[in-house]
Amino acid sequence: MMQELIAKSVEFEKLFRGKKREEPVMVQGNARDFHIFLEAIHGRDVISDSYVKAVAEFASKYKVKSVLKKCEIFLLEKSKLNLVEKFDLGKKHDMKKLKEYCIDRMNNLDDDDVLKELSSFKDDKYVPDEVKQLISKACSLNAKRAKK
């Protein structure tokens, strides 16, 4: 198993370098989340809304591009997370297609669901400033459009 992980990431090579097979390796983070991440590395379909954030975090930390791609595909095709959360994950983990998708959706101001979703996060203290600016712009553009 160690060799499989080393083949997936140079970060695992650094982690395991000089370690004997039976020697324990300490990993930072939640054990359950890391287990799900390892299952994703081995090709199992385990990514869900419950685990996508943690799996993406581990995939970024250990530079496992294949798992990060699986997270992006899940977020694009199956996830029920809201648009702001998806955009934030896309930005944080450099998921280009996901960021483009979110921006395209945010630009679709005719979709009332998108506006409701966005406006609920406009003043959220946990939302990054860059996202707040996009939300404010979208809401103000819609307000101008509604006046016409």
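The values are calculated or read from the model by the stated rules, or taken from the named source; none is laboratory data. Keep in mind it's a predicted model, so treat the numbers as computed, not measured. A quick note on method: Cβ atoms are made from the backbone with ideal geometry, for glycine too, and the neighbour counts reach across all protein chains shown. Heads up: the accessible areas ignore ligands, DNA and RNA and are worked out on the full protein's heavy atoms, side chains in. Shrake-Rupley method; radii C 1.70, N 1.55, O 1.52, S 1.80 Å.
At pLDDT 90 or above and open to solvent by less than 30 Å² (accessible area, probe 1.4 Å): is that true of M95 in this structure?
yes
Quick one: which of E23, E85, E100 is surrounded by fewer than 19 Cβ atoms within 10 Å (Cβ to Cβ), within 24 Å of E130 (Cα to Cα) and at pLDDT below 95? Lay out the reasoning, then the answer.
Numbers: E23 fails: within 24 Å of E130 (Cα to Cα); E85 fails: surrounded by fewer than 19 Cβ atoms within 10 Å (Cβ to Cβ).
Only one candidate qualifies: E100.
Taking region 54-82 only, how many residues are assigned to a helix (DSSP H, G or I), buried (at least 21 other Cβ atoms within 10 Å of the Cβ) and of a type in the set (S, T, Y)?
0
Kindly indicate whether any position in region 45-53 is at pLDDT 95 or above, open to solvent by less than 50 Å² (accessible area, probe 1.4 Å), out of contact with any Gly (no Cβ under 8 Å at 6 or more places or on another chain) and assigned to a helix (DSSP H, G or I).
yes
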